Amino acid sequence: MTRFSRQNLIAFVLVLIGVAAFLNLGQIGRRGEQLDFRTFMEMVDKGEIAEVTFKGQEISGVTSRQSRFRTVGPAPEFQEPVYHSLVEHGVTPNFAESSDESLWFTALVTLVPMVAFVLLFVWFMRNVQGANNRALSFGKSRARMLGDGGRRVTFEDVAGIEESKEELSEIVEFLKDPRKFTRLGGRIPKGVLLMGSPGTGKTLLARAVAGEAGVPFYSISGSDFVEMFVGVGASRVRDLFEQAKKSAPCIIFIDEIDAVGRHRGAGLGGGHDEREQTLNQLLVEMDGFEGTEGIIVVAATNRPDVLDPALLRPGRFDRRVTVPNPDVRGREEILRIHSKRMPLDPNVNVGRIAKVTPGFSGADLENLCNEAALLAARRNKTQVDMADFEEARSKIYMGPERRSLFMPDPVKQKTAYHEAGHAIVAHLLPGHDPVHKVTIVPRGRALGVTWTMPEEDQLSQTREQLIHGITMAMGGRAAEEIVFSEITGGARSDLQQATQIARHMVCDLGMSDDLGPVAWDSGSDEVFLGRQMSRVKNYSEATARRIDEEVRRILTRAYDAAKNILTENKHVLDTVAQTLIERESLDAEEFAELVRKADPVPVEPGWWTAATVVSPTNA
């Protein structure tokens, strides 16, 4: 019973009680005082009766004092003496037809309050019993079975991950025709683990498998298994598989399985671990003594590195499917699906949008289309155009524009030179990603932004490309020092980014001339407290000192190189900065044309190995 219906029931019962009480009181007032027959006759003899009505044996009327009364007399055949006595005292009796109406009314008035009380008592007892049932149903599975009621999802609704769909198409074929595989002695995988970054479409892919196969689909989150009560998680696992066996063939989808499938023995503090007990029960159900033929477990996680090895062995999750971020063609397909219901302006180039959104997941692209539609609606447009998509992409990257923020002229000038330094270094370095946009309009926590976009998806990066990225990050602070002979805190995020890239080069990629091709950080980049606490560095303090020195050397050389480039192109820096102060934003074509007209000094091939820094002029 829903909360709304319970409130209605309580209100209904209260109204019944009130109506019954009102009717009962009204009837008592209408009928008057109850007299015995002897008293009635004495009042007749004294002339105290003014009006009398006979209705069967019931006698009612009004006294001379205008008060009502009622009494019960003899049977109608013995009432003649009473009539004569009334007539003698000047009272003309009235007669009413005798019926059972008064009896029914009396019964109704008497029984309604009792019935209302019984109903209220029954409702209260059922609520108490329901609470007890809920208390005893902690061990029941909270899985939701998606039937035919909702919209059916198929592989046509999934784009950008063709290889992942091909891996799962075999599962669909088995669920449709198991004999095709079993007749040759094959065994379908009992479990499929979908691995990928958040938003890549793992849940959508699992629903598409169920939609294509046309079988029941049980969906549950890994966190739904574990409660504060010991043993609840294991009980829910058992109940889930019992339900699934009744609906076989079917699919059980466990989202975020790392919430319950983490590596055993990695907890801190010891004691009984409810999560490990739940995991043990899941291991038994997936590959225990009882067969689970026809039940396929599909799980999704973005942390496969923390899962227990027993969960990943053959016989449980036999197949692991990586769901990556889409490439440029995949992004274009996803954008076409999400923009299918949007009225697009003819100038919208979906391929161009896909090209300038590298690294976007399927969820990011859906959010991009939604933000573009909202921006167009806010501007009272009838169609979504390319400018809406550009603004939506900028908003997702850095947040909305903060045009209401007042920037004093000195701050605006330093910001313009800072962003111009980034853009010019990126533009002049050979092989660097082209500049896409430069702006000094504040967004989020940044006072200005310089965007560079690769011309194609980068599957790997060379040492030169990483050095270019560090040097470009140093361009903002280098420009501040050259022009103003001082530095500000605006380069904080730039320094963090450059330091992270340099340490990655030295410790993970073996790109250090001094330390050689050695990976000094053998652990995973992901944080897992159970492993981090027991992890020991595999290098000495002396090596750690050399690593720090090498990182510092790379950063210092990149900073010196950025200063050299900007010092030789001080005239270009001034031109771009002054134009930014006037216009606030420059797109790729405007920036490239501005630099070309300024006639920049090209970067020489040996720019990185230059040992000396050209002293700034006209600072």
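The values are calculated or read from the model by the stated rules, or taken from the named source; none is laboratory data. This is a predicted model, so every value here is computed, not measured. Quick reminder, even Gly has a Cβ in these numbers, built from the backbone with ideal geometry, and neighbours come from all protein chains shown. Keep in mind that these areas ignore ligands, DNA and RNA; they rest on the heavy atoms of the full protein, side chains included. Shrake-Rupley method; radii C 1.70, N 1.55, O 1.52, S 1.80 Å.
Scanning the range 513-523 for residues that are open to solvent by 30 Å² or more (accessible area, probe 1.4 Å) and among the hydrophobic types (A, V, I, L, M, F, W, C) yields 518, 519, 520. For the range 449-465, a residue qualifies if it is open to solvent by less than 60 Å² (accessible area, probe 1.4 Å) and either touching a residue at least 40 places away in the same chain (Cβ under 8 Å) or among the charged types (D, E, K, R) (or both), and the qualifying residues are 449, 451, 453, 454, 457. Considering 539, 559, the condition of being more than 30 Å from residue 196 (Cβ to Cβ), modelled with pLDDT of 75 or more and part of a loop (DSSP other than H, G, I, E, B) is satisfied by 539 alone. Please specify each residue of the range 489-512 satisfying the condition of being surrounded by fewer than 16 Cβ atoms within 10 Å (Cβ to Cβ) and not in a helix (DSSP H, G or I). Selection gives 508, 509, 510. Against the numbered list (1) under 27 Å from residue 551 (Cβ atoms); (2) surrounded by fewer than 19 Cβ atoms within 10 Å (Cβ to Cβ); (3) among the charged types (D, E, K, R), residue 480 comes up short only at (2). Could you tell me whether the range 157-173 includes any residue that is at positive phi, more than 20 Å from the chain's Cα centre (by Cα) and open to solvent by 60 Å² or more (accessible area, probe 1.4 Å)? Scanning the range 157-173 turns up no residue that is at positive phi, more than 20 Å from the chain's Cα centre (by Cα) and open to solvent by 60 Å² or more (accessible area, probe 1.4 Å). Considering the range 175-197, the residues that are in contact with a helix residue (DSSP H, G or I) (Cβ under 8 Å, 6 or more places away or on another chain) and free of Cβ contacts under 8 Å to residues at least 40 places away in the same chain include one that is farthest from residue 340 (Cα to Cα), namely 187. Only residues that are open to solvent by less than 20 Å² (accessible area, probe 1.4 Å) and assigned to a helix (DSSP H, G or I) were counted across the range 240-253, and they come to 3.
When the residues of the range 574-605 are filtered to those that are without any contact (Cβ under 8 Å) to a residue 40 or more places away in the chain and open to solvent by less than 30 Å² (accessible area, probe 1.4 Å), the one that is farthest from residue 448 (Cα to Cα) is 598.
Only residues that are charged (D, E, K, R) and either touching a residue at least 60 places away in the same chain (Cβ under 8 Å) or in contact with a strand residue (DSSP E or B) (Cβ under 6 Å, 6 or more places away or on another chain) (or both): list them for the range 550-573, please. Within the range 550-573, 550, 563, 570 meet the criteria.
For the structure I just gave you, tell me whether residue 415 is touching a residue at least 60 places away in the same chain (Cβ under 8 Å) and crowded, with 20+ Cβ neighbours inside 10 Å. Answer is yes for this residue.
Take the conditions over 25 Å from residue 348 (Cα atoms), touching a residue at least 24 places away in the same chain (Cβ under 8 Å) and open to solvent by 30 Å² or more (accessible area, probe 1.4 Å) and apply them to residue 422. Does it pass? Answer is no for this residue.
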